[in-house]
1. What FRET efficiency do you get for Thr29 and Asp67 if R0 is 25 Å and r is their Cβ-Cβ distance, rounded to the nearest 0.05?
2. Mind checking the alpha-carbon convex hull of segment 22-73 and giving the volume per residue in Å³?
3. Relative to the Cα centre, what is the charge dipole magnitude of segment 22-73, using +1 at the beta carbon of each Lys and Arg, -1 at the beta carbon of each Asp and Glu, and rounding to the nearest 20 debye?
Amino acid sequence: MRWASLLGPGVQRIFEGGSPWPAGVAQQTKSLPGEFVECGVNRGGMARVVMEYVNFSSMNKKFYLLDTYCGIPDDMKHASAPLAFDY
C-alpha cells in the first residue's frame, strides 16, 4: 500500500485492506480535463494522500482545497434544498 506511509498509524487503520477511495478516484480520473477540488479538507491529510498517490507534481493541474474551518454559516444553511440532517 504505497499510500499508507503518508498517514499516521491511527489513520492507516481506517483504510486497512484497501486504498482510500479519493485516491482511487483521482487515479482513475487524472487524465480527464479539468482541475482537482476537495471540499471540507480539514487539515489536508487526504489531499496529501491523493497528491502523492497520483504523482500530482508531474501533472499540469491545480488542486483547490476548500474548507470553512468553522462549519456552514447559519445564513447559508437555508440557502439550499432541505437536508435530512442538521449541521
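Nothing in this text is a laboratory measurement; each read-out follows from the coordinates by a stated rule. Because the structure is predicted, anything quoted here is derived from the model rather than measured. Cβ atoms come from the backbone with ideal geometry, glycine included; neighbour counts cover every protein chain shown.
1. With a Förster radius of 25 Å, E is 0.70.
2. 77
3. 100
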